[in-house]
1. Based on other C-beta atoms within 10 Å, arrange Cys545, Cys450 from fewest to most.
2. For a footprinting-style exposure proxy, rank Tyr720, Tyr136 by other Cβ within 10 Å, fewest first.
3. Kindly identify the stretch 168-221 as rounded, prolate or oblate by the Cα gyration tensor criterion: order the square roots of the eigenvalues as a ≥ b ≥ c, call it rounded if a/c is under 1.5, otherwise compare a/b with b/c, prolate if a/b is larger, else oblate.
4. Please report the spacing between the Cα centers of the stretch 506-559 and the stretch 50-83 in Å, no decimals.
5. Just check the stretch 520-583 against the gyration tensor rule for me: Cα atoms, a ≥ b ≥ c as the square roots of the eigenvalues, rounded for a/c under 1.5, and otherwise prolate or oblate depending on whether a/b exceeds b/c.
6. Quick one: what do you get for the stretch 113-267 if you divide its Cα Rg by 2.2 N^0.38 Å?
7. Would you mind ranking Glu120, Glu425, Glu59, Glu293 so that the residue whose beta carbon has the fewest other beta carbons within 10 Å leads the list?
8. Any idea what the relative contact order of the chain is, in percent, if you count C-alpha pairs under 8 Å spaced at least 6 apart?
Amino acid sequence: MISIMVSAPRQLQLLRRHLLPCCHYCHFSTVPCDLSPSQTDDKSLVTQVVQLLQVPENEWNTDQLRPLLFSATTMPCHLLTITLHLGSSSKALNFLEYVRANAPSEQSHCLSPIFHGVIELFSEETISEYKLLEIYERVKQWGIPLTSRSATLLIQCLGAAKMVGELLLLFNNLDPSVKSTRVVNTLISTLFRLGHIDSAVQVLDEMCKPNTMFPPNNVTGDIVLGELLKRDSPVRSIAEKEIGHLVRKLSRHGVFPDTINLTNLINKLCRKQKTKLAWDLLHDVMQSGGAVEATSCNALLTGLGKDRDVKRMNDLLAKMKEMEIKPNVITFGILINHLCKSRRIDDALKVLEEMRGKGGSSGMNVEPDVVIFNTLIDGLCKVWRHDESLSLLEQMKNECRPNTVTYNCLIDGFCKASNLDKAHELFDQMNKEGVIPNVVTLNTLINGMCKHGRIGSAVEFFNEMQRKGIKGNSVTYTSLISAFCNVNNIDKAMQYFDLMLSSGCSPDVIVFYSLISGLSLAGRMDDASFVVSKLKESGFGLDVCCYNVLISGFCKKKKLERVYEMLQEMEEAGVKPDIFTYNTLISFLGKNGDFKTACEMLRKMRKEGLVPTVITYGAVIHAYCLHGNVDEAMKIFREMSSTLKVPPNTVIYNILIDSLCKIKDVECALSLMDDMKVKGIKPNTATYNAILKGIQDKKMLYKAFELMDRMVEDACKPDYVTVDILTEWLSAVGEMKKLEKFFQGYTVSSCTEE
């Protein structure tokens, strides 16, 4: 048998005093049992015996001790008190041996309280627990029976030393008459504390058997419930499915969890999404006759609401009615909250009427509180029933005072409805009524103004509120910074970022990403790098989108070394490049004429399982065209349609048509225009501008008229480039009349001079 030795006498004392009820502790104290003034002789007896025992053992005076120890008036509690006053377990053990050797046979029962005193003194000394087991074995050989109290203390001592095997063996060998409920409670508590859950449950099973000699009591219930409510242990915890089983066992003996413990158990199960088990637990307690209050039902209603289990919510309400458990304001609050979150506002309003005893549910008359009104007002705002929310506000004023949350819900609702004027009106109203706005009010209005383009007003309001003592938080600065980034006012965004840092507010990831994106797009890569460093200091990491923005920014600045730094950093952080990363790199490399590396990137991209898109091939085609290699660009273009099965888009056609016209290959450009028509790809104004410029150089006037007609058919509006090309060309050949018709939206190829 393996056990862990722990020699900690002070811990044993504290544990013993913690585990034993105060009403029992007096029996184990080093102070004599409660002695009334009439027991002066008893005190004198104890004092005399203790004084006689202060000399060495071999000098104990038997003639003096015998009449004191073995008289008819000497009680077991006197012997326990004498033993405890000896001060050490060794002296107490000698006293036990002395009494055993000298006690008349009819008084052998007096040995048990002395042994109990030995154990008590032992628990306060730094002596090996194995020594205690040796003493216990010797006492068993002497035939000295353990009392329930002695057994309890032995179990505690062995438990404190973590000698689980020994304490279980001790318990199993106890005389059945000694196995009281108190002893078994101590054993179960010790086993739970040491993490031996299965053994504790097995002992509890013995307690809960029919006709048991040591049935569970309320102390047992407190021990078991205390264990059930503990946090999960990494070694072994009571599984959720066992909770109801254990509670049922105790319930059969009339031991029920009180309202607090039952509510906490239901909350624990619901937090772990075990609402079915929570339902069974509550139902079992109800059916077994345990007292159930609305508080416990409310806990289950909350869990069922989170699961959106409407059927069971209704079943529980019906059960409450059947059991005459009166719902309270919290019960109704849970129902209304669930209905509002489910957008069932009309049903929620009916519940409000039922609370007041209306709508056919007489006898309720539960006054709604501010939380219920706030929930309903917020729910009405979320379904755009703003007029009704204002009406409910007026009703609310007759029953309870609106608070800051009330007005925050209304202001948020009107901001989201783009009615900022009404939102400000409500803000003024709350101030007039003495309802103090808070930072949520501030953030709601600022966010509303920023989202509707009124950034200047948001800044003014922010400054005004700060002067009144309402300081902004991270949410406030996030709204302002994001708004300035969205309108490309990066200087202002950085100004508020600096202000945010100096005010002690911690930026969130949204702020960092907004700034990094805005600064990168503006080409301010040094500032973007500074924000990245702050992001990392705050414990955040870059995601692939953020890396893509930075890589794109460095590519535009032609800082290739920084691009590779970003790629290396991505690899170290475990962030895999995506299609956008590769497209950016391929485009950059292609524009710089590094087609070898661009092709390597394309191969790597495919190896990573990413399928190149039309944007990928468009970047390569554009790069070849930029460097005058139109043939290679056309080769990739043909592969896209035939082999790669990636249909080209208008942008790719425009690039190729423009490049072909620049090298005077207008016929090929015109064939691409025809190809677009066949494939159903609509040309845009840029397409026509490129081809018109090409045919102008070739003086293909008839073709220009055809293309002008096609532009009208395709509803492509001419831009200033179109106007410049055609005005210069047609004025030179005297065809301005047709140009006028073209601008008016008429076909010109059949137009003749008047």
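1. Listed from fewest to most nearby Cβ atoms, that is Cys545, Cys450.
2. Fewest-to-most ranking of Tyr720, Tyr136: Tyr720, Tyr136.
3. The shape class here is oblate.
4. 88
5. Oblate, because a/c is 1.5 or more while a/b does not exceed b/c.
6. 1.11
7. Glu59, Glu425, Glu293, Glu120
8. Dividing the mean separation by the residue count of the chain yields 4 percent.
Every read-out reported here was derived from the displayed coordinates using simple, explicitly stated rules and does not represent laboratory data. Just so it is clear, the structure is predicted and the values come from calculations on it, not from any experiment. Cβ coordinates were reconstructed from backbone atoms using ideal geometry, including for glycine residues, and neighbour counts include every protein chain displayed.
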